[in-house]
Amino acid sequence: MNTCVTNNKFVNEWIAEMAELVNPESIVLIDGSNEQAEALRAEACKTGEMIKLNQDKLPGCYLHRTAINDVARVENRTFICTSKKEDAGNINNWMDPKECYEKLSKLYKGSYSGKTMYVIPYSMSVVGSDFAKYGIELTDSIYVVLNMLIMTRVGLNVLDALGDSGDFIKGLHARAELDEEKRYICHFPEDNTIWSVNSGYGGNVLLGKKCFALRIASYLGRKEGWMAEHMLILGIETPEGEVKYVTAAFPSACGKTNLAMLIPPEAYRNKGYKVWCVGDDIAWLRVGSDGRLWAVNPENGFFGVAPGTNEHSNPNALHTSMRDCIFTNVCHNLDDNTVWWEGLDENPPVNALNWKGEVWDYKKYDKKDKVNTSGAHPNSRFTAMAANCPCISDKFNDPAGVPVTAIVFGGRRAKTAPLVYQSTSWQNGTFVGSIMASETTAAAAGAVGVVRRDPMAMRPFVGYDMGDYWAHWLNMGKVIKNPPKIFHVNWFRTDDEGHFIWPGFGDNMRVLMWILARCEGKVDAVETPIGYVPNAEDIDIAGLDIDIETVRGLLSVDKELWLEDCKAIREFYAQVGERVPAELYTELEALEARLAK
Ligand code: OXD
Ligand code: MN
């Protein structure tokens with residue numbers, strides 16, 4: 001078999017080595033052309049790997065179902081394989097690289113027999129830009145190829161840009177037996193290598209995304225002086241036509257994609273405000289020659305959660321997903337060969353198959369057992385092209401990226417965190433990011449209201465020790481001459497009956513407006529033990545069904561609750577271990593002292 005499918009000797013040698021291991025019947029280079037993609041779609045439909053949907057209603061759209069045991073990222077089977085355990089840190093799972101290569105080689109052995117090896121050359125960020133990093137993914141799955149074609153920039157121009165360099169991320173994926181007991185998502189940051197086996201689910205197998213653009217990239221960023229973060233990027237355009245960019249990090253289930261594609265409230269739209277989406281999940285950040293922090297979204301599409309997406313929550317995402325889209329594990333409406341998911345509308349299809357491909361009776365839906373009774377899996381997804389998003393920023397393909405005015409951290413806290421507060425410095429802002437947390441909801445399995453610490457929303461995605469990661473944040477602060485201001489928001493405060501107080505969605509714009517006003521020095525704030533909190537009058541509630549007293553409540557800081565939280569933060573820092581920077585303990589002690597006053 002010809003393993004010389006490129007002109008690059010490093011790439012060819014590696015393909016030959018991997019082919020020897022997995023033993024494919026043939027090797028196909030993915031060239032990024034429409035013709036090749038179309039042929040692969042047709043083949044996937046022939047084998048049943050994908051279903052072609054109603055092309056009048058959903059042009060270019062397909063449906064795929066994963067195995068029933070393979071529907072989400074698997075953090076307990078995700079490993080960082082550095083030669084020293086301490087470099088992976090206490091928060092990550094670690095395996096010795098040699099042991100891991102040996103163990104996984106046994107699982108990969110012969111796993112492509114009778115199948116094709118697809119070679120996907122891809123770029124994270126615009127090919128040839130200062131931000132760009134290249135990867136090659138080998139996979140036995142057409143579904144992976146077609147998703148990568150949407151989520152990354154794939155094509156022969158990537159190989160041209162790589163030239164004869166060996167500087168690329170080597171990704172090997174095999175579905176193998178899809179055995180969850182033998183599922184491994186392993187990262188070898190010292191070797192620029194990712195090995196993923198026994199899964200066919202997006203987050204585990206689209207190796208450009210979490211594996212490369214966050215875990216490996218965070219490691220590279222530390223080495224090379226830049227940052228890879230789990231952040232959306234949006235631009236707010238004023239009526240004068242000036243655009244200010246904000247990045248924001250939230251743990252899962254906090255509405256990141258919704259905020260990234262926010263539609264301003266009517267009064268703002270009438271005045272001429274617009275919001276533009278640059279990215280919904282990942283930001284790569286570099287210091288520009290002007291001393292500001294510049295951001296790009298290294299991806300090329302959105303891998304969004306379908307349930308809950310509708311005309312109210314996120315019309316932009318909904319419209320983005322209505323063409324050239326791959327739906328995964330949603331409900332299949334057999335009457336008109338379209339798709340449906342919980343929260344799309346009030347009309348569940350009566351003649352439908354659920355995400356498992358079984359005949360589905362919507363009347364048996366039980367909120368407490370969503371996985372077994374819902375039409376769409378709670379983690380069902382759409383893979384859609386950024387270019388199809390109605391509010392995509394005109395800077396999306398700008399190789400320079402966009403300058404960042406504010407960084408926003410957020411979490412889901414019923415009582416503790418106020419609607420918004422501002423940190424007092426980059427160091428304090430790093431502390432605010434390090435103590436980020438979210439409470440589990442009734443929507444997820446497990447106990448309700450349990451606090452999970454998720455620093456910078458990066459807990460599952462830092463490719464090295466968490467303490468070193470915080471130290472990198474502090475170091476970056478020393479080299480950004482004009483750093484963005486850092487804020488924290490919480491859309492999820494509840495009243496005594498457990499109802500959300502803040503309306504959220506498009507009205508979150510009102511909070512972003514305060515954040516921008518602070519960055520421009522146009523508005524005062526109240527100094528509290530945790531940072532600067534708005535005067536209630538400065539949050540615009542015109543047209544909302546809440547009064548100023550309610551806003552005061554949303555902005556209140558309960559010292560007792562915060563002192564309790566400080567204990568939990570201390571425990572978490574102890575768990576992270578010895579490499580927690582001293583500066584963060586200084587911040588914690590200062591916070592405790594201010595709260596105790
Ligand atoms: C995602 C995630 O899919 O964070 O983006 O899990
Ligand atoms: Mn994410």
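Remarks
- Between the amide H of ASN93 and those of ILE80, distances stay under 5 Å, these residues lying 5 or more places away or on another chain, with hydrogens modeled in the peptide plane.
- Counting only Cβ charges, +1 for Lys and Arg and -1 for Asp and Glu, the dipole size of the chain around its Cα centre is about 540 debye.
- The GluC sites (Glu not before Pro) of segment 330-377 that meet both conditions, a loop assignment by DSSP and at most 15 other Cβ atoms within 10 Å of the site Cβ, are GLU346, GLU358.
- Rg(Cα)/(2.2 N^0.38 Å) for segment 134-226, N = residue count: 1.08
- Only Lys, Arg (+1) and Asp, Glu (-1) charged, at Cβ; segment 302-388 dipole about Cα centre in debye: 300
- For LYS597, the lysines whose Cα falls under 23 Å of its own Cα, not counting residues fewer than eight places away in the same chain, are LYS415, LYS559, LYS567.
- Relative intensity of segment 262-333 on a log10 scale, I(q)/I(0) at q = 0.13, 0.19 Å⁻¹, equals -0.57, -0.96, per a Debye sum over C-alpha point scatterers of equal strength in the absence of solvent.
- Candidate aspartates and glutamates for bridging to LYS57, where Cα separation is under 12 Å - those fewer than 8 sequence places away on the same chain excluded: ASP324, ASP336
- Model label sites at GLU537 and GLU346, defined 7 Å from Cα along the beta-carbon direction, differ in position by 4.2 nm.
- Helical segments meeting 15 Å axial Cα length and Kyte-Doolittle -0.5 threshold in the chain (DSSP H): 9-22, 466-479, 508-519, 559-576, 582-596
- Listed by chain and number, the lysines placed with their C-alpha closer than 26 angstrom to that of LYS109 are LYS9, LYS98, LYS170, LYS182, LYS209, LYS210; residues fewer than eight positions away on the same chain are left out.
- Within-11-Å neighbourhood charge of MET50 [Cβ basis; K, R +1; D, E -1]: +2
- Net dipole in debye of segment 352-473 [+1 Lys, Arg Cβ; -1 Asp, Glu Cβ; about Cα centre; nearest 20]: 500
- Where GluC sites (Glu not before Pro) fall in DSSP loop in segment 247-338, at most 16 other Cβ within 10 Å: GLU311
- Sorting 105-115, 493-503, 394-404 by their mean Cβ neighbour count within 10 Å, with the most densely packed peptide first, gives 394-404, 105-115, 493-503.
- Applying 0.36 nm per residue to the separation of LYS46 and LYS415 and subtracting their alpha-carbon distance, the gain on full extension is 127.6 nm.
- Alpha-carbon Debye profile of segment 83-156, log10 I(q)/I(0) at 0.13, 0.21, 0.25 Å⁻¹: -0.63, -0.97, -0.99
- Convex hull volume per residue, computed on the Cα atoms of segment 454-512, equals 136 Å³.
- Helix-only CD estimate at 222 nm, as mean residue ellipticity for the chain, using -39500 (n - 2.57) per DSSP H run (n ≥ 4): -8000 deg cm²/dmol
- At a probe radius of 1.4 angstrom, the accessible area of the chain per residue rounds to 39 square angstrom.
- With all protein chains in place and a 1.4 Å probe, the accessible surface of the chain carries 49 percent carbon and sulfur.
- Pairs of alpha carbons in the chain whose separation is greater than 32 Å (percent): 46
- Ordered from longest to shortest, the equivalent ellipsoid semi-axes for segment 302-388 are 21, 13, 12 Å, each the square root of 5 times a Cα gyration tensor eigenvalue.
- Charge context of LEU588, other residues only, Cβ under 12 angstrom, K/R +1, D/E -1: -3
- Residue-span extension gain [ASP545 to ASP130] - 0.36 nm each, minus C-alpha spacing: 144.7 nm
- Peptide packing: for 277-286, 540-549, 29-38, the average count of neighbouring Cβ atoms within 10 Å per residue gives the ranking 277-286, 29-38, 540-549, highest mean first.
- Antiparallel DSSP beta bridges within the chain, as percent of all bridges there, nearest 5: 65
- Qualifying trypsin sites (Lys or Arg not before Pro) in segment 1-58, DSSP loop, other Cβ atoms within 10 Å at most 15: LYS57
- The packing ranking, built from the mean of other Cβ atoms within 10 Å per residue, places the peptides 363-371, 564-572 in the order 564-572, 363-371, highest first.
The values are calculated or read from the model by the stated rules, or taken from the named source; none is laboratory data. Please read all numbers here as calculations on a predicted model, not as lab measurements. Reconstructed Cβ throughout: ideal geometry from the backbone, glycine too, with neighbour counts over all protein chains shown. Areas reflect the complete protein model, heavy atoms only, side chains present, ligands, DNA and RNA absent. Shrake-Rupley method; radii C 1.70, N 1.55, O 1.52, S 1.80 Å.
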